[in-house]
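Notes follow the structure.
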């Protein structure tokens, strides 16, 4: 039976089922499966005379590009999706993959590129948009996004201002992934404030949530935070193990930005393990990745990265440091992972 001959109600049900399955695949980073499902959904939408099916394809492609660290493509796709939604007067929330989601995803990508001013503006617009349509969950996702902006800029007060009410809200709804990210934010605020006991409790809770959800991308992000906290607690070998797992997960599922963050975290720990040459290799690899992606070190992390570079330079001397740094640009990441695993075994 041709789609055009089907009962419209049955076709509508198929569209909804395809839509839900596609977003589930996208959330799980199975972007090709998501693309196929979104295309089927778009074809049915056209048969029904519905518009905007193509924006789902744009949003999914943007998610894939972000996972791969291709931020130029990410911004092009998301700006296109948002422009289409605005032009059509779309009032769909983030949960319905409408204007709200395009605003949120674009703000996230801009934040990761260090454009905090525009990211905050879009999160604020998303907040007001969701309030206007009466979507409390969508509004709170924007509040949590503002917490991310404060966190990345090294502002623990602003981080708590937005992340703590987000945690309370999402606990009330039982939205586990959002609870996990809010806990991660507040753990980083506590770490900045020097309260490592609270930071560790919060990040352990966040880690448990993401492991339970089998959300490897979220887990990788949380483990980068945990590794930093363990390092501050003097648990060098535990931090090394944690950050190694974070690196492996980030390499497998993305986002690629977390590969750079995990490498930078590991560099600080390898210096403590007196593996200075490896630390330089890790720093160089992270720097190369960031240059390729156009995603700079977060302001909150800049002092730690600069300190690692300074310590390595003073230990090796400028000339040797430069030689190691430049040669590391040619070392495949898989080979670096072998070096990393070797150091972990030596410290075991």
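The values are calculated or read from the model by the stated rules, or taken from the named source; none is laboratory data. This is a predicted model, so every value here is computed, not measured. Using ideal geometry, Cβ is built from the backbone for each residue, glycine included, and neighbour counts are taken over all protein chains shown.
Of the helices (runs of 4 or more DSSP H) contained entirely in the stretch 240-348, those carrying at least 2 residues that are at pLDDT 95 or above fall at 256-272, 276-293, 302-316, 318-328.
Looking across the stretch 200-239, the residues that are closer than 19 Å to residue 175 by Cα, free of Cβ contacts under 8 Å to residues at least 12 places away in the same chain and not in a loop (DSSP other than H, G, I, E, B) come down to 208, 211.
Scanning the stretch 144-162 for residues that are in a helix (DSSP H, G or I) and more than 16 Å from the chain's Cα centre (by Cα) yields 156, 157, 158, 159, 160, 161, 162. Just one of the listed residues (77, 106) is surrounded by 15 or more Cβ atoms within 10 Å (Cβ to Cβ) and modelled with pLDDT of 95 or more, and it is 106. Checking each residue in the stretch 159-186 for being surrounded by fewer than 17 Cβ atoms within 10 Å (Cβ to Cβ) and over 17 Å from residue 135 (Cα atoms) picks out 161, 164, 176, 177. A search for C-beta distances below 9 Å between a residue of the stretch 318-343 that is at negative phi and any residue that is part of a loop (DSSP other than H, G, I, E, B), counting only pairs 6+ apart in sequence or on different chains, returns 339/275; 339/331; 343/273; 343/275.
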